[in-house]
Amino acid sequence: MNGFDFSMRASRTIAAAGVLGAVAFSVTPSVADAQTTVRMVLWPGPEGDAMQKVVRAYNNGQGKTDGISVDMVLLSRDDTFAKETTEIATRSSNVDIYFTATYNIGFFAQGLEPIDDIGIDKSKYFSAAIKGLTIDGKLYGVPLDVSNHFLYYRTDLVNRLLKDESWKKSYRDIARKVLGEARDPKKPSEWTADDYLATAAFFSRSENPDSPTRYGTALQAKTSPFNITLWDDLLWGLGGSWTGKDGKAALTSDAAHKAMSIYRTIYEKHYTSPDASQWEYGETNAALQSGSAAFAMQWSAAYADLTSKDKSPQIYDKIAVAPEPGDPHRTHVHTLAISLNKQSRHKDAARKWMAYLATPKAMTAYAQAGGIPSQPAVLKDNVKSNAAFAKIAENVRKYGYSLPTFTGTFQAMQSITEDLSSAWVGVDATDDALSKANDKLQSLLDR
């Protein structure tokens, strides 16, 4: 269908006028007559819920002064970007503001208007957020939620490993077997990729029958575009990247081979569940919550659930976070955003709303409503709203990186995961998988 199949809150109705017709938006006449209506796409869930509160406050306050009413259009989380792709391809003006992200901004840029002229103070944002939304020196989005990774670990188990001499001796023996050299256990904040592997072996009964957990870690090895970002942390932490200094695909580097070897070893040696080939975010949380895994690389969004007495009664008071393993430590950072539709008929009003949303005042309201703003000062000032905020701010600032921004970034995420995931679990040869992924990445870069 040409246009959105919108799903709205009960107070608003949007109907499609025919299979190929444009979308008709129902707007309260009194509001529409008095103010300019700006239509903004978001997706449902915590981000949509939090933004709805900010929109409502704006419409009842500053919006009246600005002469602007914001209508939030909620789409399915699965279909949002696909439907926006159709809208951009048909040069639709159905909405004024699109919902975007750093991993697809390059693809959508053809249908977006740069927003450098709205007066955003870029210094208030994480540099990775701004960098990920910038193309050829132009900013194409107002950053909203920031996403990153932590290493979640069991403090009771790791603390004992660091103190118990018999455990330390066993660890050194297992490290010698797995890595080819004996080494002492370290604090998780000091782990390299090798420490990550050795500790996964120590806490796995396949290697250590006396381990208190069945598996050392929980891999997210399902063929999913977002699972590649966790493997990327190891790649970057080993000094690698998707691309080299020359901008060419670099997935056949020594770092890439080492990162593949670690994942494959963990899976084939049963340092993670054999079911990990179908695991994503939820299954990783469950492995930690049940006590079957000692640690895992996981999204920062999991912090609230894993430290909740109600949701994680077995481990809530025994979970801590550290940077992702590496030398240096690195974490993937992507940012959700809103972007100005090049075909919008209300650009001035949309710019004014976007400028308001970029203020610390608006982002503070967003944080208190459940969002995770990309402004570090706002996160630090609102730790009472979310205990993870301070840790997220520190982690992203110190270790954050963003994927290369080009038209095929998200397609590359999908393609690389498809090629590498089968090698992670021992089905395909590592060399073949990396070579295939590298060739496809280069083809996307060359477009």
Being out of contact with any helix residue (DSSP H, G or I) (no Cβ under 7 Å at 6 or more places or on another chain) and either in the same structural domain as Met297 (by TED's automatic domain parsing) or in a helix (DSSP H, G or I) (or both) narrows it down to one of Lys398, Lys384, so name that one.
Lys398
Does Gly370 satisfy being part of a loop (DSSP other than H, G, I, E, B) and within 21 Å of Trp43 (Cα to Cα)?
yes
Conditions (1) acidic (Asp, Glu); (2) crowded, with 24+ Cβ neighbours inside 10 Å; (3) more than 30 Å from Trp43 (Cα to Cα); number of the one not met by Asp184:
(2)
Number of positions in region 280-310 that are surrounded by fewer than 23 Cβ atoms within 10 Å (Cβ to Cβ) and in contact with a Lys or Arg (Cβ under 7 Å, 6 or more places away or on another chain):
3
Among (1) part of a loop (DSSP other than H, G, I, E, B); (2) in contact (Cβ under 8 Å) with a residue 12 or more places away in the chain; (3) farther than 22 Å from Leu139 by Cβ, where does Thr407 come up short?
(3)
When you go through (1) in the same structural domain as Asp96 (by TED's automatic domain parsing); (2) surrounded by 21 or more Cβ atoms within 10 Å (Cβ to Cβ) one by one for Gln343, which number turns out not to apply?
(2)
State the number of residues belonging to region 163-176 that are in a helix (DSSP H, G or I) and either polar (S, T, N, Q) or farther than 14 Å from Gly216 by Cβ (or both).
9
Out of region 410-424, which residues are β-branched (Val, Ile, Thr) and surrounded by 23 or more Cβ atoms within 10 Å (Cβ to Cβ)?
Ile416
Take His332 and tell me if it is touching a Ser or Thr at 6+ places or on another chain (Cβ under 6 Å), of a type outside the set (Phe, Trp, Tyr) and buried (at least 24 other Cβ atoms within 10 Å of the Cβ).
yes
For region 394-409, which positions are farther than 29 Å from Leu444 by Cα and crowded, with 21+ Cβ neighbours inside 10 Å?
Asn395
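The values are calculated or read from the model by the stated rules, or taken from the named source; none is laboratory data. What you see is a predicted model; the values in this text were computed from it and never measured. No Cβ is skipped: glycine too gets one built from the backbone with ideal geometry, and neighbour counts run over all protein chains shown.
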